[in-house]
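What follows is one structure encoded as structure tokens, with my remarks underneath.
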Amino acid sequence: MHALGQRARQASRLMASAGRGKKDAALMAIATKLESSSTALRLANEKDLAAAKDNGLEAALIDRLVLSDAGIAAMAEGCRQVAALPDPIGEVSDMSYRPSGIQVGKMRVPLGVIGIIYESRPNVTIDAAILCLKSGNATILRGGSEAIHSNMAIAQCIADGLAEVGLPLDAVQVVETTDRAAVGQLISMPDYVDVIIPRGGKGLIERITRDASVPVIKHLDGICHVYIDQNADLEKAFDIALNSKTHRYGVCNAMETLLVHQDVAKQILPRLCQAYTDVGVELRGCVQTQAIVPMHAAIDEDWDTEYLAAILAIKVVSDFDQAIQHIAEHSSGHTESIVTESYTTSRAFIQQVDSSSVIVNASTRFADGFEYGLGAEIGISTDKLHARGPVGLEGLTSQKYIVYGDGHIRQ
């Protein structure tokens, strides 16, 4: 692992000065290599699938492992889409002359070496690699042992693409060992690794956060809320609340708790709860909610649970302040949405809710890098430093001050 780190550090210095043309050419070459290697990729993936079945992996985890022709095509298209994105590196901003005569500004630069630890999905290997390449970083990728053959086959395509345009092969390194000790090493090499990004279940992220001596960009939970205000358009509220929960269940930006103002609860909840029931969502409500629609009683832990499943907690609140208080106490800081026609109330919600995404009159499912116009994302951060919300290319960079003088000395 230290040897990987040393090579990554050296490669990061070369990547920091690589021009956009070369980086984009590498991404296009990787896309072509993925397409021409589809047979080899599927064969490698079949080894992982066979091992997963032999080891008794759950069906949902096996499904995440599958690398189909459509999936390979999507990875190649992802390369081309990232190549088309603007390059943030070298962007200069806020240049100004100081009274001393010097000119001061900021330049956007790569973070350096990014360690990415993830589970199951082979496509994360290519997603992470291309975002790090475009942003001028080197990366060390440690995927789950269940996808080792798929990840190594993808890594070969990346290496071939880098070699074709003359970029350092060590700019993207996939950890070949499945030994879990490699993770412990990766997260404790601050001399070689500048930041760690974990992608996976809560257990993985908690372990990384607890044990890392390298800064971590992460989110633990996606306990997201939708609040239907007393001034909501109830048709909008119905569509937003239904979509926020049922569009996809196992994603971090799905709503887990619905808050409804008492003045509109009797109007909206019967219809909305019937719609949830029709698609198989289990409902758990507070006492006031149960008085309107019979359902399971919500217990204290329901307000603090990321279900990632067809389960929804519902609470009737007396006013805006109670909704804000509930979110403050139980939110994971990921995404919250308000449905209201009151500009004043929406402004207060945006100002008072302390989450990485705060939404007015739209589904929580929009909390996504692609939907925000970032082109692609490597994950979502609920941290306040260094990046917050969907982490795209700019989130994988930092800024340094640059100063121009002409023989100036400080008096």
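The values are calculated or read from the model by the stated rules, or taken from the named source; none is laboratory data. Not measured: the values here are computed from a predicted model. Cβ sites come from the backbone with ideal geometry, for glycine too, and all protein chains shown count toward neighbours.
Take the conditions among the charged types (D, E, K, R) and surrounded by 20 or more Cβ atoms within 10 Å (Cβ to Cβ) and apply them to D191. Does it pass? Criteria not met by D191. Within segment 263-281, the set of residues being surrounded by fewer than 14 Cβ atoms within 10 Å (Cβ to Cβ) and either in contact with a strand residue (DSSP E or B) (Cβ under 6 Å, 6 or more places away or on another chain) or of a type in the set (A, V, I, L, M) (or both) comprises just one member, V279.
Candidates A171, A159, A147, A155: the one that is buried (at least 18 other Cβ atoms within 10 Å of the Cβ), in contact with a Ser or Thr (Cβ under 9 Å, 6 or more places away or on another chain) and within 13 Å of L34 (Cβ to Cβ) is A155. From the list A265, A232, the lone residue that is more than 30 Å from G379 (Cβ to Cβ), of a type in the set (A, V, I, L, M, F, W, C), modelled with pLDDT of 95 or more and part of a loop (DSSP other than H, G, I, E, B) is A232.
Restricting to segment 69-96, what's the tally of residues that are small (G, A, S), in a helix (DSSP H, G or I) and either in contact (Cβ under 8 Å) with a residue 12 or more places away in the chain or in contact with a Phe, Trp or Tyr (Cβ under 9 Å, 6 or more places away or on another chain) (or both)?
7
Within segment 385-411, being under 15 Å from the mean Cα position of the chain (by Cα), assigned to a loop (DSSP other than H, G, I, E, B) and touching a residue at least 60 places away in the same chain (Cβ under 8 Å) holds for H386, A387, G392, L393. Somewhere in segment 97-115, is a residue in the same structural domain as L27 (by TED's automatic domain parsing), of a type in the set (G, A, S), closer than 21 Å to G392 by Cα and in a helix (DSSP H, G or I)? No, segment 97-115 has no match at all.
Taken over segment 301-327, residues that are small (G, A, S) and either assigned to a helix (DSSP H, G or I) or without any contact (Cβ under 8 Å) to a residue 40 or more places away in the chain (or both) amount to 1. In the same structural domain as V339 (by TED's automatic domain parsing), hydrophobic (A, V, I, L, M, F, W, C), out of contact with any His (no Cβ under 7 Å at 6 or more places or on another chain) and part of a helix (DSSP H, G or I): does that describe L204? Answer is no for this residue. In segment 368-384 there is no residue that is over 12 Å from the mean Cα position of the chain (by Cα), among the aliphatic types (A, V, I, L, M) and not in a helix (DSSP H, G or I).
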